[in-house]
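A.B. asks: Got a structure for you, written out below as structure tokens; questions coming shortly.
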Amino acid sequence: GSVELQGVQLRPADDAAAVVAPDAPESSAPLKLDHLRVNVGMLPLLSLDYRVEDVTLSGLRAALRIKEDGTFEIEGLPLGGGETAEPEPPEAPSESPPPLIGLAHLALNDIVVEWTDESVHPAVATTVKLDLTGEDLAWGPGAGIGRFDLALAAPGECERLALAGTLRLDPDDYTLEGELQIRGLRDGPLSHYLGPGTRNELRDGQLDSKIA
């Protein structure tokens, strides 16, 4: 089965109308996306084969914030708040292993995020533009090796950061190997997300390195 959405805009949850028309003023919708497609094979699901064939998302505009206490919020999405519910007792551990979940193809295109992180010092407030593709991704016991390609930029902070390679998301065997390329990274708050060793390797805001 396939699900497609186009021209979606969301207002904050306390607004009278949460979903607004695609032609509404941009200021009225902090969370927007141009196109989302999810394609899941129904027959494999019937045999408990949790494999998604394709997830494609383009034109996402979002505002993300990490507060000082580490809590995370996306403007326009209700992620909790209000009265605190009584915690439910923990479920007994399952004897069956967790399922293997696969994603054959992932494409995130033309993503723009207003990124605020108040949990680091100095705090980070910037706009990040990114594109991400992935092939043969899987999560769970027995996961194979998938491929990914990430490219992002932050105007005024970083001209380009690219990371491409392979990863395995098996709980017993997490691995990531890739090539990191950085261009035009200035010595500012954004650079502190890099480890000290990586920052020491920067030369005039540029770096070519392998990750394993």
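A.B. asks: May I ask you to list the residues in segment 105-143 that are in contact with a helix residue (DSSP H, G or I) (Cβ under 9 Å, 6 or more places away or on another chain) and of a type in the set (Gly, Ala, Ser)?
C.D. replies: Residues satisfying the conditions are Ala123, Ala125.
A.B. asks: Quick one: is Thr116 in a strand (DSSP E or B) and more than 18 Å from the chain's Cα centre (by Cα)? Give the steps one after another, and end with the answer.
C.D. replies: Details: in a strand (DSSP E or B): yes; more than 18 Å from the chain's Cα centre (by Cα): no.
When the stated conditions are applied, Thr116 does not pass them.
A.B. asks: Name, by its number, the condition in (1) open to solvent by less than 80 Å² (accessible area, probe 1.4 Å); (2) modelled with pLDDT under 90; (3) in contact with a Pro (Cβ under 7 Å, 6 or more places away or on another chain) that does not hold for Ala17.
C.D. replies: (3)
A.B. asks: Those residues that are surrounded by fewer than 16 Cβ atoms within 10 Å (Cβ to Cβ) and touching a Ser or Thr at 6+ places or on another chain (Cβ under 8 Å), I need them from segment 122-134; list them, please.
C.D. replies: Result: Ala123, Ala125.
A.B. asks: Find the residue count for segment 197-208, including only residues that are touching a residue at least 24 places away in the same chain (Cβ under 8 Å) and open to solvent by 70 Å² or more (accessible area, probe 1.4 Å).
C.D. replies: 2
A.B. asks: Filter segment 55-84 down to the residues that are modelled with pLDDT of 90 or more and within 20 Å of Glu4 (Cα to Cα), then identify the one that is most open to solvent (accessible area, probe 1.4 Å).
C.D. replies: Arg61
A.B. asks: Could you please find all residues in segment 29-54 being polar (S, T, N, Q) and either surrounded by 13 or more Cβ atoms within 10 Å (Cβ to Cβ) or at pLDDT 75 or above (or both)?
C.D. replies: Across segment 29-54, the qualifying residue is only Asn39.
The values are calculated or read from the model by the stated rules, or taken from the named source; none is laboratory data. The structure presented is a predicted model; accordingly, all values stated were derived computationally and were not measured. Cβ: placed from backbone, ideal geometry, glycine included. Neighbour counts: every protein chain shown. We work out accessible area using only protein heavy atoms, side chains counted, and drop any ligands, DNA or RNA first. Shrake-Rupley method; radii C 1.70, N 1.55, O 1.52, S 1.80 Å.
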